[in-house]
Amino acid sequence: MSESVLSELKSRVASYIDEAREKLQRLSDDIWKCPEVAYEEEQSHDTLVAFFSGEEGWMVEPHFKLPTAFRATFRTKAGGQRRGEVHVGFLCEYDALPGIGHACGHNLIAEVGAAAAVGLKAVLVESDQLPVQLTVLGTPAEEDGGGKIDLMKEGVFDDMDVVFMAHPLHADAPYLPLVAERDVSIRYHGKESHASGYPWNGINALDAAVLCYNNLSVLRQQMKPDWRLHGIIKHGGVKPNIIPAYTELEFYLRTPSRSELSTLKTKAEACFQAAAMATGCEVEVQFAKNTFDNILRNTTLETLYEMNGKSLGIDFTTDEEVLTHASGSSDFGNVTFVVPGIHPYFSIGSDALVHTEEYTPAAGDVKAQFYTLRAAKALAMTALDVLMCPELLQKVKQEFTEAKMNEEK
């Protein structure tokens, strides 16, 4: 396909997204106004299901595999009728943070996924020459639990060729190093006693929790610089004159690659057990059901996204502090071990940092709309690149295969 034809298609994608801006903003606003935590996103789920049910040509499956997940599918007339159909996925997140609502901007992630899919679908309908399947997945529980991993276990991503989503931040970046993560709860069980009258009859679970916390703090001195270990004491007792019989801590373990995570896990478990032995408490260790993997980079897709973003006026950051330290964890990392994909970041016109109270109003501000739809356009344009240029899709897949092999060595 000639560059001029591809450029025209990209312009039309952007125009279609602009034409839908009002209903896309309403979609985002409705989700933002009703923040719901992981696996409880009932109204957000219904809002997205209603949105795609109102769009012509989409087959919508509510409560898909999970109570608050959904799938919306569009297939061109050429799709399914001959070999070579390309399956493109767009992911929506919509869970909120406890207490501070959409301080991670997942309402905007949902909007980006919906906008990119709607814009791309409109162009595909115009020509209807390519065998293409578009799938929008509503993926709950990114903040806690890992809904994408639950869906992966159901094989939902297995037949996709490429997958896209974008995440709000305070800067634009085609890639940030999402790291592997495992969450753990540590519970100590001791014995209550009057702290002044009969302290010798008690077994102090708070002492165990404090020792555990300090053990982990000491462990940090021997950790690799890019490993992370951080947590809180969730429950420390009831009253000062009662020796605590129960305490609980919650910690996150993070490493740059999933292969390193098991090493850190073993070291941390020794700290949990040592505190129990020193105090005479029983310890109960419960790791989260899902482990978040690091992201498997696809520089071919990243380069395409950056090129398309620049054509729309995106000024990608060169700030090393952002590029090096603004890393977190996401269940999207797990997806990239199954299908090639990208997870770029976009500014929303605010200096507020994600996961802060200041980011919540910024994510709901009308000012964020321009930046959100611009990121959606860049995603849809990148999808067009791989759809219209089979050699690019092959390059994407080849890089994915090689990266996965290198990661698993």
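The values are calculated or read from the model by the stated rules, or taken from the named source; none is laboratory data. Because the structure is predicted, anything quoted here is derived from the model rather than measured. Methodologically, a virtual Cβ is constructed for each residue, glycine included, from the backbone with ideal geometry; neighbour enumeration extends over all protein chains shown. Protein only, heavy atoms only, side chains kept; ligands, DNA and RNA dropped before computing areas. Shrake-Rupley method; radii C 1.70, N 1.55, O 1.52, S 1.80 Å.
Just to be sure, is Leu176 in a loop (DSSP other than H, G, I, E, B) and either closer than 16 Å to Gly333 by Cβ or open to solvent by 30 Å² or more (accessible area, probe 1.4 Å) (or both)? In short, yes.
Looking across region 1-20, the residues that are under 28 Å from the mean Cα position of the chain (by Cα) and either at pLDDT below 95 or crowded, with 16+ Cβ neighbours inside 10 Å (or both) come down to Lys10, Val13, Ala14, Tyr16, Ile17, Ala20. The residues in region 47-58 that are surrounded by 18 or more Cβ atoms within 10 Å (Cβ to Cβ) and either in contact with a Lys or Arg (Cβ under 6 Å, 6 or more places away or on another chain) or in a helix (DSSP H, G or I) (or both) can be counted, and the count is 5. Answer with yes or no whether Glu306 is surrounded by 14 or more Cβ atoms within 10 Å (Cβ to Cβ), charged (D, E, K, R) and touching a strand residue (DSSP E or B) at 6+ places or on another chain (Cβ under 7 Å). No: the conditions fail for Glu306. Note on region 205-258: among residues that are hydroxyl-bearing (Ser, Thr, Tyr) and within 20 Å of the chain's Cα centre (by Cα), the one that is nearest to Asn406 (Cα to Cα) is Ser257.
If I ask for residues that are touching a residue at least 24 places away in the same chain (Cβ under 8 Å) and not in a strand (DSSP E or B), which ones from region 59-74 would you list? If the condition is that a residue be touching a residue at least 24 places away in the same chain (Cβ under 8 Å) and not in a strand (DSSP E or B), then Phe64, Lys65, Leu66, Pro67, Thr68, Ala69 are the ones that fit. Of all the numbered requirements in (1) open to solvent by less than 30 Å² (accessible area, probe 1.4 Å); (2) part of a strand (DSSP E or B), Leu219 misses one, and that requirement is (2). Of the residues making up region 37-46, none is open to solvent by less than 30 Å² (accessible area, probe 1.4 Å), modelled with pLDDT under 95 and in a loop (DSSP other than H, G, I, E, B). Residues of region 259-303 being small (Gly, Ala, Ser) and either open to solvent by 20 Å² or more (accessible area, probe 1.4 Å) or outside any helix (DSSP H, G or I) (or both), which ones? Hits for region 259-303 are Ser259, Ser262, Ala270, Ala274, Ala278, Gly280, Ala288. Scanning region 304-327 for residues that are of a type in the set (D, E, K, R) and either at pLDDT below 95 or part of a helix (DSSP H, G or I) (or both) yields Glu306, Lys310, Asp319, Glu320, Glu321.
The set of residues in region 76-120 that are more than 20 Å from Phe332 (Cα to Cα) and out of contact with any Asp or Glu (no Cβ under 8 Å at 6 or more places or on another chain) comprises Gly80, Gln81, Arg82, Arg83, Gly84, Glu85, Pro98, Gly99, Gly101, Gly119, Leu120.
Answer yes if at least one residue in region 104-127 is modelled with pLDDT of 95 or more, part of a loop (DSSP other than H, G, I, E, B), open to solvent by less than 20 Å² (accessible area, probe 1.4 Å) and of a type outside the set (A, V, I, L, M), and no otherwise. Yes.
Among all residue pairs at least 6 apart or on different chains, which show Cβ distances below 7 Å where the first residue, located in region 108-129, is at positive phi and the second is not in a helix (DSSP H, G or I)? Going by the 7 Å Cβ cut-off, the qualifying pairs are Asp128/Thr76; Asp128/Lys77; Asp128/Ala78. The set of residues from region 33-65 being among the acidic types (Asp, Glu) and closer than 19 Å to Gly119 by Cβ comprises Glu55, Glu56. Hey, any hits in region 75-82 for a residue that's in a strand (DSSP E or B) and open to solvent by 10 Å² or more (accessible area, probe 1.4 Å)? Checking region 75-82: at least one residue is in a strand (DSSP E or B) and open to solvent by 10 Å² or more (accessible area, probe 1.4 Å).
Give me the residue from region 225-243 that is of a type in the set (A, V, I, L, M) and not in a loop (DSSP other than H, G, I, E, B) and, out of that set, surrounded by the fewest Cβ atoms within 10 Å (Cβ to Cβ).
Ile232
Can you name every residue in region 179-196 that is in a loop (DSSP other than H, G, I, E, B) and either under 16 Å from Pro244 (Cβ atoms) or in contact with a helix residue (DSSP H, G or I) (Cβ under 7 Å, 6 or more places away or on another chain) (or both)? If the condition is that a residue be in a loop (DSSP other than H, G, I, E, B) and either under 16 Å from Pro244 (Cβ atoms) or in contact with a helix residue (DSSP H, G or I) (Cβ under 7 Å, 6 or more places away or on another chain) (or both), then Gly190, Glu192, Ser193, Ala195, Ser196 are the ones that fit. Looking for something touching a residue at least 12 places away in the same chain (Cβ under 8 Å), within 12 Å of the chain's Cα centre (by Cα) and buried (at least 24 other Cβ atoms within 10 Å of the Cβ) - is there at least one such residue anywhere in region 149-163? No, that holds for no residue.
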